[in-house]
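J.: Just dropping this structure here.
All of the numbers you see were taken from the coordinates with simple rules; none came from a lab. Please read these numbers as outputs of a predicted model, since none were measured by experiment. With ideal geometry, Cβ positions are generated from the backbone for all residues, glycine too; neighbour counts draw on all protein chains shown.
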Amino acid sequence: MAAKEEKPTPRAVSLTEIQSPADIRGLEISQLSLLAEEIRTLIIQTVSVNGGHLASSLGAVELTLAIHKVFDTPRDKLVWDVGHQAYAHKIITERRERFSTLRRRGGISGFPKREESPYDVFNVGHSGTSISAATGIAEARCLQGNAFKVIVVIGDGSMTSGMAYEGLNWAGDRKKDLIIILNDNEMSISPNVGALSSYMNRMMTGQRAMKIRSEVKSFFRTLPGIGEQMVKFSRQAEEALKGFIVPGALFEDLGFTYVGPLEGHRLDHLVKNLENVREMPGPVLVHVVTRKGKGYAPAESRPLQFHGIGPFRIETGEPLAAAGGRISYSRMFGNTLVRLAEKDSRIVAITAAMCEGTGLDAFARQYPTRFFDVGIAEQHAVTFAAGLATEGIIPVVAIYSTFLQRSYDQILHDVCLQKLPVVLALDRGGFVGDDGPTHHGLFDLSFLRSIPNMTVLAPKDENEFQHMLKTAVEWGAPIAIRYPRGAVSGVQLDDDLYTLPVGRGEVLCEGTDLAIMAIGATVLPALAAAERLREEGIGARVVNARSVKPLDAGLLCASAARTRKVLTVEENVLMGGFGSAVLELFQEKGLRDVAVVRLGVPDTFVEQATMAELRSLYGIDEEGILRAARSLARSGD
């Protein structure tokens, strides 16, 4: 008997040989597995220097390779949700050589971006948009007579977004070919996810099984009187069988063919099942279970910490920078809210899946029954708070400024129209740095100040912040406090909290040559610039406005009348922001012959860079304020 000929072991393929997905489509599973490890190493090395979203991207490496191996991207359209998982995608889609520039100024974005690559089908950054975008692409495909596949990758966290369910509802009803891959990286890999489950899914997604399904249902429908009942019974029987292994009834009821759960780190299982799914008609949901932080022990054990992280030591996972030991504004907010809640049992805290990010983890531990994490559902968070407020509760809603944009109608219709005492804590107001245009909080001053009954505050430092927070919870009407990302300034904190007079600014230094009117994070650099101007013989009156709405009309108008030259400074878009409010005030009060120069962000979306780089670029740091103030003071001489 002839000896069985052994199949030669495929040669190892280096990541440097991979320029595009076409280079991986002919590779064996063993070769892809080695590539996966190289990709993980590159991601860890780069994020340790640049910071970024590590845990989710490490967990999606095999899934990414399997998708690009099976589907003909970019002809087939791959839509990512949020983009936290997309680093491996970037590496194998012609951007490996530029991956070291990730999240740097002029470098590649931390999120999928159409301007960057034809493989990035849709710009993302906020949760829940992928399914709706993909249904639009699928409909356009049909309208234009094309035949490409549309694939969505959405994380389980994004499934808490109401918009995701709106997209699912629409896709299930339209019955267009669409593949949604649910990357479930929170549930542990259960015993059901193994050989038996993989075998059952291959059987259920294979061509023969699909043909049998179709033929049986067609036959049942020919039976007079009982056909549709038999179809329903056959589906229930099939679901009962699958129920031993998979939790897919919800998606099946929405009109999807459910496949899964698949083990997300088994390339052989992923590839085979995706090959089967590729041939299935109609909407399909593929449930894939992955492990966040896969391949890097610190991220596997602390996935929340490594969801979004700054530079760190690879050996230990410990962060490199500590901002001089100063706490963040987010932590300052959380600590202060705990102090206030100790004395007022009506205070509750609400967040939208950002407990630690907003600094509310200490509050959640101390007051678990008064803490509510509603998931990625900012609209619900605001209206939920409005409902609480109608019953005498004081809800404090902590949401990043960029995400609060999603609940504009709820703020207007459900909070302000009813004059309900909801406190909006706007974390990361202004520049956020490396996350780029989807995450900068540069529009809140503009969109909030236009709403009747809304009060908008912004502190110059952490000491003023703690007093503003006490003021807000006692205000008794809609109110927002906007504060920046990053470490506090390090000023001395008052021991006792007190309320501030709302709509009253303060003069920080005197001068008669011009008035610098600043708000929030721009106040301290404005004060520093004024001190340098004084050395040049230029006297600048610096006004901390404290409030964008209402403005301190008496103080601002008196300052303008005294100096006849006004420089406004804000870390917000100029259109409709603080400077616009000042101009409107001067016009209403009949102030003429006052020269006004506004510093802020022009009518543009701001790209990624460090916060210091961006403040310098738009002239709202100390040097920029100094230049503008010097020029204004000397104008007309």
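J.: Could you tell me how many cubic angstrom of Cα convex hull volume the stretch 506-634 has per residue? Each step should come with its number before you reach the end.
T.: Working: hull volume 12.2 nm³, N = 129.
Value for the stretch 506-634: 94 Å³ per residue.
J.: On to the next question. List the trypsin sites (Lys or Arg not before Pro) within the stretch 13-85 that DSSP assigns to loop and that have no more than 14 neighbouring Cβ atoms inside 10 Å. If you can, show how the numbers build up before the last one.
T.: Values: sites: Arg25, Arg40, Lys69, Arg75, Lys77; in loops: Arg25, Arg75.
Listed in order of number, the matching sites are Arg25, Arg75.
J.: Would you tally the net charge around Ala352, using a Cβ to Cβ cut-off of less than 10 Å, leaving Ala352 out, and scoring K and R as +1, D and E as -1? Could you put the intermediate results ahead of the total?
T.: Details: positive: Arg406; negative: Asp373, Glu378.
Neighbour charge sum, excluding Ala352 itself: -1.
J.: Right, here's the next one. Counting Lys +1, Arg +1, Asp -1, Glu -1, what net charge surrounds Thr390 among other residues with beta carbon under 12 Å of its beta carbon? Could the numbers behind the result be given before it?
T.: Working: positive: Lys419; negative: Glu391, Asp414.
Around Thr390, the surrounding residues sum to -1.
J.: Say each of Gln366 and Asp268 gets a label point 7 Å from the Cα, pointing the same way as Cα to Cβ; how far apart are those two points in nm?
T.: 5.5
J.: Hey, can you rank 107-115, 520-528 by average C-beta count inside 10 Å, highest first?
T.: Numbers: 107-115: 20.2, 520-528: 24.0.
Averaged packing, sorted descending, gives the order 520-528, 107-115.
J.: Also, quick follow-up: How far apart, in nm, are the 7 Å Cα→Cβ label points at Lys419 and Arg634?
T.: So the two model labels end up 5.2 nm from each other.
J.: Explain nothing, just the number: relative contact order of the stretch 326-482, from Cα pairs under 8 Å at least 6 residues apart, as a whole percent. Numbers along the way, then the final one.
T.: On the way: 290 pairs, mean separation 34.6, N = 157.
Normalised by residue count, the contact order of the stretch 326-482 is 22 percent.
J.: Right, another one. Quick one: net charge around Phe111, please, counting Lys, Arg +1 and Asp, Glu -1 for every other residue with C-beta under 9 Å from its C-beta. Working shown, then result.
T.: On the way: positive: Lys113; negative: Asp120, Asp435.
Once positives and negatives cancel, what remains is -1.
J.: Let me ask something else. Hey, got a sec? Which trypsin sites (Lys or Arg not before Pro) in the stretch 566-621 land in a DSSP loop and have at most 14 other Cβ atoms within 10 Å?
T.: Details: sites: Lys589, Arg592, Arg598, Arg615; in loops: Lys589, Arg592.
Filter output for the stretch 566-621: Lys589, Arg592.
J.: How far is helix 523-535 tilted off the main Cα axis of the chain, in degrees rounded to 10, range 0 to 90?
T.: Around 40 degrees separate the two axes.
J.: For Thr135, Thr41, what ranking results if the residue with the fewest other Cβ atoms within 10 Å of its Cβ goes first? It would help to have the intermediate numbers written out before the result.
T.: Working: Thr135 24, Thr41 14.
In order of increasing Cβ crowding within 10 Å: Thr41, Thr135.
J.: Place a point 7 Å from the Cα of Arg98 along the Cα-to-Cβ direction; which residues of the stretch 67-88 have their backbone N under 18 Å from it?
T.: 74, 86-88
J.: Can you sort Tyr618, Tyr400, Tyr165 by how many other beta carbons sit within 10 Å, fewest first? Please report the intermediate quantities before stating the final value.
T.: Details: Tyr618 19, Tyr400 23, Tyr165 14.
Neighbour counts put them in this order, fewest first: Tyr165, Tyr618, Tyr400.
J.: Additional query: Please compute, for the alpha-carbon atoms of the chain, the extent along each of the three principal axes and give them in descending order in Å.
T.: Largest to smallest, the principal-axis extents are 103, 59, 50 Å.
J.: With contacts defined as alpha carbon pairs under 8 Å and 6 or more residues apart, what's the relative contact order of the chain in percent? Walk me through the numbers on the way to the answer.
T.: Numbers: 1286 pairs, mean separation 69.5, N = 637.
The normalised contact order for the chain reaches 11 percent.
J.: Same structure again: Along each principal axis of its Cα atoms, how long is the stretch 390-507 end to end? Whole angstroms, biggest number first, please.
T.: 39, 36, 26
J.: Next question, about the same structure. Pulled fully out, how much extra length does the chain show between Glu279 and Asp173, if you take 0.36 nm times their separation in residues and subtract their Cα-Cα distance? List each step's numbers first, then the result.
T.: On the way: separation 106, 0.36 × 106 = 38.16 nm, distance 1.98 nm.
Residue separation times 0.36 nm, minus the Cα-Cα distance, leaves 36.2 nm.
J.: A follow-up question, please. Computed on alpha carbon atoms, what radius of gyration and Dmax characterise the stretch 326-482, expressed in Å?
T.: My reading of the Cα-based Rg and Dmax gives 14.0, 41 Å.
J.: In whole Å, how far is the Cα centre of the stretch 8-61 from that of the stretch 497-544?
T.: If you average the Cα positions of each part, the centres end up 53 Å apart.
J.: Exposure proxy check: Cys416, Cys509 ranked by fewest other beta carbons within 10 Å?
T.: Details: Cys416 20, Cys509 16.
The most exposed by this proxy come first: Cys509, Cys416.
J.: Could you tell me the calculated FRET efficiency between Arg534 and Asn463, based on Cβ-Cβ distance and R0 = 30 angstrom, to the nearest 0.05?
T.: Values: r = 24 Å, r/R0 = 0.80.
The value I calculate is 0.80.
J.: Another question about this same structure. Tell me the label-point distance for the pair Glu391, Val491, using the 7 Å Cα-to-Cβ offset, in nm and rounded to one decimal.
T.: Using points 7 Å along Cα→Cβ, the separation is 3.9 nm.
J.: When only C-alpha pairs under 8 Å and at least 6 residues apart count, what is the relative contact order of the stretch 330-376, in percent?
T.: Reported relative contact order: 45 percent.
J.: Now, a different point. How big is the Rg/Rh ratio for the stretch 284-326, C-alpha atoms only, Rh by Kirkwood, two decimals? Walk me through the numbers before you get to the answer.
T.: Details: Rg = 14.0 Å, Rh = 12.1 Å.
Across the stretch 284-326, the Cα-based Rg/Rh ratio is 1.16.
J.: Greater than 24 Å separation of Cα atoms is the criterion. Which listed pairs, Lys77/Lys175; Lys419/Lys460; Lys77/Lys294; Lys470/Lys565; Lys549/Lys589, meet it?
T.: Numbers: Lys77/Lys175 18 Å; Lys419/Lys460 27 Å; Lys77/Lys294 26 Å; Lys470/Lys565 35 Å; Lys549/Lys589 16 Å.
Too far apart for the 24 Å limit: Lys419/Lys460; Lys77/Lys294; Lys470/Lys565.
J.: Of all DSSP beta bridges located in the chain, what percent are antiparallel, nearest 5? Numbers along the way, then the final one.
T.: Working: 9 of 65 bridges.
The antiparallel fraction comes to roughly 15 percent.
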